[in-house]
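Asks: Got a structure for you, written out below as structure tokens; questions coming shortly.
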Amino acid sequence: MNAAEQEIQNAVREAFSALEAATTTQQIKEIEQAFLGKNGQIVQFAKRMGALPKEERPAFGAAVNGAKQEVQGRLDARAATILEAELARQFEEEAIDVTMPGRRTRRGNSHILHQTTLRIKQVLSGLGFVYEEGPELEEFRYNFDALNYPPDHPAMDDQDTFYVSDDQVLRTQCTGLQGRVFEKTAPPLRVFTVGRTFRNEAVDRTHNHTFHQVDCFMVDEGVSMADLKGTLGAFARAMFGPEVTVRFRPDFFPFVEPGVDYAISSPKLFGGRWVELGGAGLIHPNILERYGIDTERYSGFAFGLGVERIPMMAYGVDDLRNFLENDLRFLDQFQRQPIRGLA
Amino acid sequence: MKISYSLLKTLVNTSLTAEALGDLLTMAGFELEEIETVNGAPVLDIKVMSNRGDGLSAFGLAREILAKDGSSTPTDLYRRAAAHFADVSLPAGAAFEVRIETPSCSRFSAMRIENVTNGPSPDWLNEALLQIGQRPISVLVDLTNYVMLELGQPLHAFDADRLGDTIVVREARDGEKLTTLNGTEHTLAAGQLMICDAVRPVGVAGVMGGLDTEVHEGTHRIVLESAHFLNRTVRKTRKQLGLNTEASYRFERSVDSNGVVSAQRRFAELLLAIQPSAQVFEATDLYPLPASDLSISLRLIRASRLLGMSISVEEAARYFTALGFSIQIEGEQLAVTLPSWRPDIVREEDLVEELGRIHGYEQIPETLPSGTSVLGGVWGRYAATDRLIEAAISAGYSQVINHSLQGTSPLDAAAERVGPRNPSSPDLAFLRNGLLSGMAVTARLNGGRDVHLAEVGRVFTAGKESVHLCLVSNGDLHVPDRASETPPKADFFSLKADILDIFLAVGIELDLAAGSRDPRFHPGRQARLTRNGQEIGVIGEIHPTVANELGLAPRTIAAEVSLDAIFAEGDAELPLKSFARFPAVRRDIALLVSKAVPFAEIEGRLRRSIGPLLERLWLFDVFVGTGIPAGSHSLGIALVMRKPDGSFTDEEANQLRDAAVAELAELGATMR
């Protein structure tokens, strides 16, 4: 080993011991600079090459390169060890108590009647019905005359009405939309609405002067009571679960003939008993004829139900007044849960 | 209507229990509401539909049971009732003079009965009435009630000694007086239908008898009235007089005019069984407007198509016969003659319902409509409304749904209100003309502070119904946490950002304009909300006096926007902008400027001066204090600029900034 090579060996040893003593990534960087940097000790050896005899140059070059590689290798290994230790220290220092409460910005919640309405809109849209709305302050003729109410008939006693004037009432049912639609649209048509209705009656746990209704109707060729039952079945199963069955019971509403009350039942819900949901039937031919629809060619069905009934049944809400009172302690309990029965 | 199981069993031989009969009636359209047990015997409470007056009797319900259930058979009493008790034969007496002077009375029959005593009823009759909750009065009154219950025909017994020799059915004359047997004196008006003797009204036709001519303990001779009146006239008269009786309830719905005399015969038969010495004479029966025999033809193919289940001619014939209709079969068609007790049936579809009802709706299968399919869905303004409320919820507002009917509030809008003319309470006297008043009540209900609420709903002014969106925000913007023990408070600017963002979520850009003068708000903290220059809403801090009055914490901020104008717009275009990939430069400026200069003015000038190269501008600081003259403030504004086709040099950026600042000199703004 010549002196130059000895010198290289010394530099390598010096670098090794410096690396041995290093404890931080910063020190490693300094060592790298001092030995392997542009002016580092080992790199400097290469500059001597020109002064050497030609035949010594390859061996010397190999020695310098070997030293470089040796130092670089040791340095990388040492750096990795130190980095790992440093990270471990950092992680330990930065550890948090994950059981502390989260930090959130404010959250809003949608009203349970709105959640229910959105679900109804999804289901009836899927069955091919188009959403429409009519006014809450309705003309008498759409609310009663157009729905085949005979003048001054006891059927009107069933619906204590708020009169704003002789010809304006707060609608007692959303069915008044039918006349408005038939005026503008020829069959075939499928329409539904969800809206607010009013009855001038005493308020208690199960009665309110204001509540919400779904009204859904269609007119086409060959529409039958079986189509009505099938549509109600599909609707009820989408709202309350796949086991639901539908039952018709005869009932009287001036705007349908035949008229029925429909109830649903499911072994998984309401103890398996029949629960009445609303009124339905084939649209009364007097109504279709009033709007120039040929009843020999066309028939239609209509059904309605109370929106509040759905969460009352699904969640056991026992006071109708809660819905429009808006106590957030009530409303916030409905955190966008699906209506029961939906997976 | 309460009806005892035992009374039904006098008309129907059946092995069905009370519960089973109740279910059967329910499925025929006569809904069982409950079964009570009175003195150990079941009593059914049946809800009779308002178009089915024929169901308001044991006889009528028995007919439905017999049509629905093949295993039940009619009793002898049922057969005799169906034959109008023609087997009860009575001697003819001296004719009683009856005159009908109105088309509202289609039939009137007066039966004279003499040599009666009006004491307590026999046990069976007392019991029959007590079972259904009626108080026995005396045998003559109790028998009228019992026969009405059995056959559905209201009867009235006059004391013949207190009544003149004539009965006149006529409209009242204005000012005539009648005290009804409930003790109320009525002053009558023309058009009200009365039973009169030769000189005065003695009863309200189809509603209630008069006190003067009432039967009493000493009554020995009676005139038994059985009649038929037009339902609309009875309804009008009883409503005007404020009366509502079992009799009027039936007449309003429908009573069989062919059953008038058979009810009197049944009364006579029962009375003679109790008091064999009574003398009953054949009634004087006037029937000027007899029920006509209407016939409707029914196409069974059509019926089956409408019902979605097929019913054979034989089945149809059986059902109609059981219900008392007469039929003639003509191939696939039936000619159906309607019985007088079914005025609810006027066209083919009504017969279709009868078929379906008796055949059983449980037989109808479920199918889905197979006709023309249309594209279902929630579109246009309705979809936009749903998205708006969803955006408000996402922004941290709890959705509420308030009543339309309200009382009066200092937060009512200025527009004229309308309301029902028959409100049951002052709290329901008006339809809301804005959402804010109801929102304030809800905010108060929820504590009046730290609440953030949103509502979309209808509002009403004279002649107009609109949809509004309203936000109310107050107190802490979020719950306190470790990072901010005192969270930032809601203020004008937090709500301003939210309302603009919520509308941006549906692609609608709103603007604010100063100069609002709404007395509901703090005079210095309110603005008009505008869309394309048109005012469509208001935002502001609720006037502290009003907030205090309504139990709201100070600094309650609200915004209310009408959606009408927005809905009236067509679908907006969304012009996509290209975006540059070169780096942006930022220049901050600190301006000393009078507080009287609106920020919008400064912002507008900066934007106009720099033009499209200005990518973003924001206010990062508002400073008042040391070194700032009174009435002025220092505004720190950041300008971020970017070129579409290259990088800015420092010099270029500075030039743009300086030119922009120069535009502010006119506003008296100087660089600090």
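The values are calculated or read from the model by the stated rules, or taken from the named source; none is laboratory data. Computed from a predicted structure; not experimentally measured. Here the Cβ is made from the backbone with ideal geometry for all residues, glycine too, and neighbour counts use every protein chain on show. Just the protein is used for accessible areas: all its heavy atoms, side chains included, with ligands, DNA and RNA removed. Shrake-Rupley method; radii C 1.70, N 1.55, O 1.52, S 1.80 Å.
Asks: Arrange the residues B:PHE96, B:PHE158 by how much accessible surface each exposes, largest first, with a 1.4 angstrom probe.
Replies: The most accessible residue leads, giving B:PHE96, B:PHE158.
Asks: Direction-averaged shadow area of the convex hull around the Cα atoms of the protein assembly as shown, nm²?
Replies: 65.0 nm²
Asks: Given +1 on the Cβ of Lys and Arg, -1 on the Cβ of Asp and Glu, and no further charges, what dipole in debye does the protein assembly as shown carry about its Cα centre, rounded to the nearest 20?
Replies: The dipole magnitude comes to about 2500 debye.
Asks: Additional query: Quickly estimate the mean residue ellipticity at 222 nm for the protein assembly as shown, helices only: each DSSP H run with n ≥ 4 gives -39500 (n - 2.57), and the total goes over all residues, rounded to 500.
Replies: One gets -10000 deg cm²/dmol as the mean residue ellipticity at 222 nm.
Asks: Using +1 on the beta carbon of Lys and Arg, -1 on that of Asp and Glu, and nothing else charged, what's the dipole of segment A:112-331 about the Cα centre, debye to 20?
Replies: Rounded to the nearest 20 debye, it is 1000 debye.
Asks: Shifting gears a bit: Mind ranking B:183-196, A:204-217 by how tightly packed they are, going by the mean number of other C-beta atoms within 10 angstrom, highest first?
Replies: Sorting B:183-196, A:204-217 by mean packing, highest first, produces A:204-217, B:183-196.
Asks: Summarise the partner chain shielding of A:100-107 as one whole number: the mean count of Cβ atoms from other chains within 10 Å of each residue's Cβ.
Replies: What the average comes to for A:100-107 is 6.
Asks: Given bins 10 angstrom wide, list per bin the percent of all Cα-Cα distances in segment A:112-331, short to long.
Replies: 8, 34, 38, 18, 3, 0
Asks: Using a 1.4 Å probe on protein heavy atoms, which residues of segment B:394-439 have at least 30 Å² less accessible area in the complex than alone?
Replies: Residues meeting the cut-off: B:GLY396, B:SER398, B:GLN399, B:ILE401, B:HIS403, B:SER404, B:LEU405, B:PRO420, B:ARG421, B:ASN422, B:LEU428, B:LEU431.
Asks: While we're on this one: What share of Cα pairs, in percent, lie more than 32 angstrom apart in chain B?
Replies: The answer is 68 percent, as a whole percent.
Asks: Where a ≥ b ≥ c are the square roots of the eigenvalues of the C-alpha gyration tensor, would you call segment A:3-94 rounded, which needs a/c under 1.5, or, failing that, prolate if a/b is larger than b/c, or oblate?
Replies: Verdict is prolate for segment A:3-94.
Asks: Determine which residues of segment A:275-289 fall in the zone a paramagnetic label at B:ILE35 would reach in this model, i.e. backbone nitrogen under 20 Å from the point 7 Å along Cα→Cβ.
Replies: Hits in segment A:275-289 for B:ILE35 at 20 Å: A:275-276.
Asks: Order these peptides, B:237-247, B:256-266, by their mean beta-carbon neighbour count within 10 angstrom, highest first.
Replies: With the highest mean Cβ count within 10 Å placed first, the list reads B:256-266, B:237-247.
Asks: Using only alpha-carbon positions, what ratio does the radius of gyration of segment A:49-178 give when scaled by 2.2 N^0.38 Å?
Replies: In units of the 2.2 N^0.38 Å rule of thumb, it is 3.07.
Asks: Sticking with this structure for a sec: Measuring with a 1.4 Å probe in the full set of protein chains, what accessible area per residue, in whole Å², belongs to chain B?
Replies: Here the residues of chain B average 44 Å² of exposed surface.
Asks: With no solvent and one equal point scatterer placed on each C-alpha of segment B:527-654, evaluate the Debye formula and give log10 I(q)/I(0) for q = 0.20 Å⁻¹, two decimals.
Replies: Ignoring solvent entirely, the Cα scatterers give -1.15.
Asks: With N set to the residue count of segment B:34-107, report its C-alpha Rg divided by 2.2 N^0.38 Å to two decimal places.
Replies: Ratio of Cα Rg to 2.2 N^0.38 Å: 1.60.
Asks: How shielded is A:216-222 by partner chains, expressed as the average number of their Cβ atoms within 10 Å of its Cβ atoms?
Replies: 3
Asks: I would also like to ask the following. To the nearest 20 Debye, how big is the dipole of segment B:395-552 about its Cα centre, given +1 on the beta carbon of each Lys and Arg and -1 on that of each Asp and Glu?
Replies: 400 debye
Asks: Same structure, new question: Diagonalise the Cα gyration tensor of segment B:585-671 and give the resulting equivalent ellipsoid semi-axes, square root of 5 times each eigenvalue, largest first, whole Å.
Replies: That gives 25, 12, 11 Å for the three semi-axes.
Asks: If you don't mind, another one. Chain pair B, A: how much accessible area is buried, both chains summed, with a 1.4 Å probe, in Å² to 100?
Replies: That pair of chains buries around 7400 Å² in total.
Asks: For A:ILE28, what is the net charge nearby, where nearby means another residue's Cβ is under 13 Å from its Cβ and Lys, Arg count +1, Asp, Glu -1?
Replies: Net of charged neighbours comes to -3.
Asks: Computing the accessible area with a 1.4 Å probe over protein heavy atoms, can you report the carbon and sulfur percentage for the protein assembly as shown?
Replies: Of the solvent-accessible surface of the protein assembly as shown, carbon and sulfur hold 51 percent.
Asks: Alpha carbon centre of segment B:570-627 versus segment A:68-115: separation in Å?
Replies: Each part reduced to its Cα centre gives a spacing of 38 Å.
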